[in-house]
Amino acid sequence: MNILGFASVNHDPTLAMISDDEIKFHYEIERYLRIKDLNIRKFRYQNSFNYKLVYNKIQEIVEQNIKNVDVVALSMASTFVFYNSIFTPIMKKNINYDMNFEKFEENVISYAKNLNNFEDHIFFENEKIYFIDHHLSHLSYSFLTSPFEESDVLSYDGYGFKNQSLFKQNNKLFDTGINGGTADFFIGLLWVHGNMLYFNSENSPGKGMALSAYGKINYKLIELFDNIQEKYKNRLIGFAYGTHVHDIYNGLFSKNPVNIEDFYATLQYYSTELVVNNLKKYKSSDNLCLSGGCALNGYINEEILKRKIYKKIHIPPAVTDEGQSLGAALHALYTLEGKRININNPNKIMYLGESYSVPEYIKENLKLEDDELYTFLAKKISEGYVIGWYQGRSESGPRALGNRSILADPRNPKMKDHINFKVKKREWYRPFAPSVLMEEASKWFILNGNPIAPYMTRILKYKKGKSKHVPATTHIDDTARIQTVTEEINPRYYKLIKEFFKLTKVPILLNTSFNGKNEPIVETPSNAFKCFQKNNIDILVLENNVYFRNGDKNIKPFIEESNVDEHVR
Ligand SMILES: [Fe+2]
């Protein structure tokens, strides 16, 4: 069965295809259009040119694939774009295509509510359309990409369509919790509105997490979080309650400002305790799958393992709404065919974008065979060169996992500031992730009984005395969001790290996503080339083609020229 998944609440539109029990692709529209944090609802209201671009791109992908599709799987809040347009030819009733978005949502919701069991999926058989709830899609994505036969599953995100948090027990995949399920806690709104106040952006939880390590716990704030929690838990939380949280924060901060580090230190502590305590309360399995945007909080994820609440945890790479299309499609496969995808290698859920050949017009300075390339690059990295590393299919989810990555020497004490200021042009406090050879990881990190971390969804502590050797990939609290790399998962990336290990005795490379300020991760070789030229990257590697800054093979590493002391913290 060929299943096309689509989803977008309003941001992170993606499309996914499953056939022959494998995920064939997972495309993130923002990568093609080069618009970071793409929000189509916003574009729709603004009636902007960008909206048309989004529409055209989605339509192009659908048209290329639709003829082979048996079922189109959508999460409940999937967007109007589709009903109004693209799927019109295959949806012949139930939906009035002319209605506006608000009407459409109303219509779908009332239709769903009239079903006997809103928890279940809705399948319009004749139209080949398969709907599921937003959180059920999150839950399905994490559980159905896990190696577990049974598991507890938690989905929690920023707003949620109905509930903020849903707790699932023992593989009851079709009990979404919307009618009488458990939603005893939420943290998403607390983060979203903190981010709005401090960064004027919903999409900066990473900044808050980074800053949390610099602050102290403020017990007055904990009281406030508790009060908000008490007031809104078990309610149908959404934008309306979000506004209340925003007002509460605003009121508090206008009288007694809380410094940003303490705010996030407290919120991180509060969130961790809340999640951990609720998991203890409802635990019914040794396994746990996490999903929803909050599942990117690696501190919480690691604390769950550290306190041994679960033996095994699975947190796949696209836990944010980018994974919605996959969740819907995986759920359809499970329900309609009784099947799960083959996940004998973690890379089956990691590299799901497109691969491209390098266009002729980008003329390389040097071409090297694989083995020569790794030796050459390992040496250059050890000398302070910053590398744009591009290969194969693009990653699924927000993290660069060795196919669209900027790489550098983690040992260099100036490297963190250099990349933050001169390459990524972002805040000084943002940490960088280490990619580590999996077989060496236990010598460097406290793994809390789980040696597998291929997706950068865990934040681990370094073992005593280790972090001083890799200052560029160590956060202020001696932690790092690691990626364990094996030859099986990513052979070329593995061999490169291994060469660096041979040369330096350090089995780690600094790995940050290949993009400039306010840009999505590069998708095509041309995107990579432009990003390389604009952002002080010393060497670009497109598959086996090597390019030097200013086209000069003898160029010195830019870190030697860059004076990071000029930046005031
Ligand atoms: Fe979500």
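At a 10 angstrom cut-off on C-beta neighbours, averaged per residue, how do the peptides 398-405, 482-489, 549-556 rank from highest to lowest? Display every interim value, and only then the final one.
Numbers: 398-405: 24.6, 482-489: 21.9, 549-556: 10.8.
Ranking the peptides 398-405, 482-489, 549-556 by packing returns 398-405, 482-489, 549-556.
Show me, for the range 539-548, the HN-Hα J-couplings you get by feeding each phi into the Karplus relation (A = 6.51, B = -1.76, C = 1.60, θ = phi - 60°), rounded to Hz, glycine and proline as x.
Each residue of the range 539-548 in turn: 9, 10, 10, 9, 6, 10, 9, 10, 10, 10 Hz.
Cβ neighbours within 10 Å, averaged per peptide: list 274-281, 518-525, 329-336, 254-261 in order, most packed at the top.
Values: 274-281: 16.6, 518-525: 20.4, 329-336: 24.6, 254-261: 12.9.
In decreasing order of mean packing, 274-281, 518-525, 329-336, 254-261 become 329-336, 518-525, 274-281, 254-261.
May I ask you to order 188-199, 288-299 by the average number of other C-beta atoms within 10 Å around their residues, highest value first? Present the calculation step by step, with values, prior to reporting the outcome.
Values: 188-199: 20.3, 288-299: 25.9.
Peptide ranking by packing, descending: 288-299, 188-199.
Residue-wise, which Karplus ³J(HN,Hα) couplings in Hz belong to the range 261-269, taking 6.51 cos²θ - 1.76 cosθ + 1.60, θ = phi - 60°, and x for glycine or proline?
Working through the residues one at a time gives 5, 5, 4, 6, 4, 5, 5, 5, 4 Hz.
Amide H to amide H, which residues 5 or more places from Tyr455 or on other chains are under 5 Å from it, using H placed in the peptide plane?
Thr484
Quick one: Cα centre-to-centre distance for the range 377-405 and the range 253-282, in angstrom?
34
Report, ordered by chain and residue number, the aspartates and glutamates lying within cross-link reach of Lys461, taken as a straight Cα distance under 19 Å and ignoring same-chain residues fewer than 8 apart.
Glu273, Glu302, Glu303, Glu439, Glu440, Asp477, Asp478
Bear in mind that the values in this text are calculations on the coordinates, not laboratory data. Everything numeric here is computed off the predicted structure, so don't read it as measured data. In this analysis, Cβ positions are derived from the backbone assuming ideal geometry, glycine residues included, and neighbour counts consider all displayed protein chains.
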